[in-house]
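Beneath this line is the structure, given in structure tokens, with notes to follow.
The values are calculated or read from the model by the stated rules, or taken from the named source; none is laboratory data. In this text, all values refer to a predicted model and were calculated from it rather than measured experimentally. Note: ideal-geometry Cβ built from the backbone for every residue, glycine included; neighbour counts use all protein chains shown.
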Amino acid sequence: MNFHVMTLFPEMIEQGLSASIIGRARDKGFISFEATNIRDYSGDLRHHKVDDYTYGGGAGMLMQAQPIYDCYRHIADTIPDERRKCLRVIYVTPQGSVFDQNMAKEFSKEEDLIFLCGHYEGVDERVLEEIVTDYVSIGDYVLTGGELPAMVMIDAIARLVPGVLNNEESANTESFSNYLLEYPQYSRPEEWMGKKVPSILLSGDHKKVDDWRLEQSIERTKMRRPDLYEKWLIENPPKPPKKKRKRHIDRDDSQNSQ
Ligand code: 6GU
């Protein structure tokens with residue numbers, strides 16, 4: 001999978017994505033990423049200007065349409081015809097839909113993704129209308145630029161691309177998809193600062209350990225993320241009471257009536 005990033009700060013993207021698992025995946029060829037400097041496409045050959053005042057007044061500068069469009073054309077021209085036709089261009093903006101694991105899964109099916117990182121007060125609306133297919137935010141707060149959000153999304157998407165994670169790492173992949181948070185985990189020593197590892201984890205009984213972990217996940221999700229817990233409940237409704245219990249009540253009833 002190929003990530004193309006249009007930005008005024010290509011070194012931020014390069015450095016941010018070159019370390020750790022994502023860097024390793026790039027070195028091994030499972031993904032590629034390339035940050036293109038929008039400034040290189042400025043029509044202003046003297047000062048390489050990419051921003052200007054907003055019509056109608058107001059504070060701040062706006063990124064102009066032309067450098068962004070030319071940068072986009074350059075990237076799109078490197079992509080084969082059949083893939084270019086259905087190319088998705090993501091504008092990272094607090095005005096977008098909020099990114100989540102399902103979106104990451106959807107985007108991970110693409111062969112190419114282009115990210116547009118804005119700066120200053122925003123981007124001329126006309127170029128957005130011309131090239132953008134998806135408006136995506138990473139949450140309800142404002143950042144100074146789109147580079148960090150783009151990296152957040154690229155990380156979440158890239159780890160779903162086959163080959164990027166090794167077996168051990170991918171064991172974790174499902175933990176958010178099923179709406180439950182991870183259960184608590186412990187490593188050596190068995191006792192630290194007077195706190196003991198829950199004894200069930202030392203029992204060697206895998207069934208009991210699994211049951212305990214699920215129960216902890218449910219409890220933790222209920223406490224910390226009631227919104228996720230509600231979604232989990234819809235897909236995992238409580239089991240109806242067993243028949244045996246019903247018969248017991250019937251018998252009680254008959255006893256009462258005697
Ligand atoms: Cl995608 N961009 C910016 N600039 N700020 C944000 C954001 C994106 N998501 C949350 N805040």
Problem set entry | Candidates 126, 159 - the one that is touching a residue at least 60 places away in the same chain (Cβ under 8 Å), basic (Lys, Arg) and either assigned by TED's automatic domain parsing to the domain that holds residue 214 or buried (at least 16 other Cβ atoms within 10 Å of the Cβ) (or both) | 159
Seminar exercise, completed: Within region 114-133, residues within 10 Å of the ligand (Cβ to nearest atom) and either assigned to a loop (DSSP other than H, G, I, E, B) or of a type in the set (Gly, Ala, Ser) (or both) come out as 118, 119, 122
Seminar exercise, completed: The condition of being over 28 Å from the mean Cα position of the chain (by Cα), aromatic (Phe, Trp, Tyr) and modelled with pLDDT of 95 or more holds, among 69, 91, 41, only for 41
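Mind checking whether some residue in region 138-145 is within 11 Å of the ligand (Cβ to nearest atom), touching a His at 6+ places or on another chain (Cβ under 7 Å) and either in a loop (DSSP other than H, G, I, E, B) or within 30 Å of residue 61 (Cβ to Cβ) (or both)?
For region 138-145, residues within 11 Å of the ligand (Cβ to nearest atom), touching a His at 6+ places or on another chain (Cβ under 7 Å) and either in a loop (DSSP other than H, G, I, E, B) or within 30 Å of residue 61 (Cβ to Cβ) (or both): present.
Filter region 67-108 down to residues that are part of a helix (DSSP H, G or I) and among the β-branched types (Val, Ile, Thr) and give me whichever is farthest from the ligand (Cβ to nearest atom).
So the residue we want is 75.
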Exercise. What pairs can you find where one residue is in region 137-148 and closer than 11 Å to residue 94 by Cβ, the other is assigned to a loop (DSSP other than H, G, I, E, B) and near the ligand (Cβ under 7 Å from one of its atoms), and their Cβ atoms are less than 7 Å apart, with a gap of 6+ or different chains?
Worked result: 146/118
Problem set entry | Where a residue in region 35-51 is in the same structural domain as residue 10 (by TED's automatic domain parsing) and in a loop (DSSP other than H, G, I, E, B) and its partner, wherever it lies, is of a type in the set (Gly, Ala, Ser) and at pLDDT 95 or above, with Cβ under 7 Å and at least six apart | 48/42; 49/42; 50/42
